[in-house]
1. Just from its helices, what would the mean residue ellipticity at 222 nm be for chain A, if runs of 4 or more DSSP H residues each count -39500 (n - 2.57) and the sum is divided by every residue, rounded to the nearest 500 deg cm²/dmol?
2. Under 15 Å Cα to Cα from A:K32, which aspartates and glutamates show up? Leave out anything in the same chain fewer than 8 places away.
3. Between exposed GluC sites (Glu not before Pro) in chain A, where DSSP calls loop and at most 11 other Cβ atoms lie within 10 Å, what's the longest gap?
4. Over 31 Å between C-alpha atoms is what I'm after, so list which of B:K170/B:K276; A:K79/B:K330; B:K224/B:K330; B:K308/B:K365; B:K170/B:K222 land there.
5. For B:H334, list long-range residues whose amide hydrogen, built 1.01 Å from N in the peptide plane, is under 5 Å from its own amide hydrogen.
6. Give the carbon-plus-sulfur fraction of the accessible surface of region A:69-144 in %, rounded to a whole number; probe 1.4 Å, heavy atoms of protein chains only.
7. Note every residue of region A:86-113 with a reduction of at least 50 square angstrom in accessible area, all protein chains present versus the isolated chain, computed with a 1.4 Å probe, or write none.
8. Could you provide, to the nearest whole Å², the per residue accessible area of region A:69-144 with probe 1.4 Å?
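The values are calculated or read from the model by the stated rules, or taken from the named source; none is laboratory data. Fair warning: this is a prediction, and the values are worked out from it, not measured in the lab. Note that we place each Cβ from the backbone using ideal geometry, even for glycine, and neighbour counts take in every protein chain shown. When the accessible area is computed, the model is the full protein with side chains, heavy atoms only, and any ligands, DNA or RNA have been set aside. Shrake-Rupley method; radii C 1.70, N 1.55, O 1.52, S 1.80 Å.
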Amino acid sequence: MGVSEPFITSKTLSLVYRIPISRIEKFWESLKEGRVLATRCKNCQTLRFPPSATCPSCFSPDVEWVELSGEGVVETYTKIMAAPASFSGEAPYTVVVARMKEGVKVLAWYEGENISIGMKVRLLAKEEHGSLTYRFVPWDEQGD
Amino acid sequence: MKEVAVIGVGQTKFGKRRDASLSELAVDALKDALEDSEAEKREIKFLSVGNFGLSSEDITPAALVAEQAGLQGTTTMRCEAACASGSAAFYAAWLAVSSGIFDIAVALGVEKMTEVETPTMIEILGRAGSYFWEFHEFGVTFPAYYALYATAHMNKFGTREEDLALVAVKNHKYGARNPLAQFQNEITVEDVLSSRMIAWPLKLYDCCPISDGAAAVVLASKEKVKELGVDTPVWIKGIGVSSDTSTMGNRANFIGLRSSIEAAQLAYKMAKVEAKEIEVAEVHDCFTIAEILAYEDLGFCKKGEGAKLIREGETEIGGRIPVNVDGGLKAKGHPLGATGVSMIVELTKQLREEVEPSRQVPLKKYLALAHNVGGTGQYCYVTVLGR
């Protein structure tokens, strides 16, 4: 069972998926305007992040977009030192889950020095390397 | 609902198995399980195959395994529930027999993880969550998902990195006594604490390895057990299955796995037993924190007291509830699809008092529990076994 066991190399399989975002496209349009949106069901009032075009609670397709205030409290975090192949060169990076003032939780990178559970953080829309995303920063930072 | 027993078990050695393909490993385990049982191959009409996939060349392994085992024509399927794929196959086989449709069924779990490069495997495992919202944007690795739980547990209950290390030390101790384990070396707390940081606070030695391996069990109805004259049937007394969100952000809290708590309650209820009656357990220690969470979620101790349990040696042989005395995922290895079935193999041998004497748990009630988590608690399967 050593490393010198004979083997045959398979044909290469290259997998890239085109992920449809038609139903929640407004999320990215709003990121461009500096706003992070969640969805709220007009039928049962369930607030949802990540946004969902159909309410997971009552299946109503009648949802509205609401802007998150950006105010969150850290519920947990980790600092990733060993990154996957597609993030090589990015490590270390800190991932935070924060509970937003509106009640939903958001997972995103945290850009700041110190981090602890219970700490207040700010969620910001961001453009990075030409693509739209969102980040947590320390509460007293207003962002770019 | 018919009563169902495990009447045969088989498992390959776990580890880097560059000597065998997926179907070859699968057939090795299947052959051992059949030889261990009183059943004949021609009686097998149901074969469920637990396999996570992507890391080996065949993406439809069930029919391939059936063919290699000369079982074409049998009712077969691949079962997937991430790291609990083996338990999903076991559950399918249990349903097949308990429903009365089949009187014998085989559950087989198999995974080949070392045919791809390690960074590719890390990439695949990181996608075992919510790809779009958590991996694609933020590169959350699989250890990082559990690190989110470790951070919260340490913050709330004062669990220390040294406590997590004790889990790895214990599981290596028993892995060293198990010839089928991937790692057969003992380690120290210092080895764990000084190992490379992967996702704070989890270090390399807090993580289970990447493994190849296969395991198989033969199940039979009570009538069939009588007909075959099985010596020591091991009865499936209760099974509970539950699930939770794929998106970590949508979890209620990070101090326990909801799916574990619910699956355990369902299994205890069906088996009509309490947590304190269990005498030996296999729990899902893909990361050291996961074993601490399992102690609490399964009711072996109160929430927040998991670290105390490992510190006081209560989960070693001689303690209140010996856990993972085959090395666990940490030292035995974690070939994803094989793990859930391997837990049943180990507990069946424990209940028959057939394991190596140095790791045989002394039994009075002959009650054992298997706990297999898929993903970071997206799926959980709990099984209570007894004589």
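1. Rounded to the nearest 500, the figure is -1500 deg cm²/dmol.
2. A:K32 reaches A:E67, A:E127, A:E128, A:D144.
3. A:34-112
4. Violating the 31 Å Cα-Cα cut-off are B:K224/B:K330; B:K170/B:K222.
5. It is B:S211, by chain and number.
6. Taking all protein chains in place, region A:69-144 shows 46 percent carbon and sulfur surface.
7. Those are A:F87, A:K105, A:L107, which lose 50 Å² or more relative to the chain on its own.
8. In whole numbers, region A:69-144 has 46 Å² accessible per residue.
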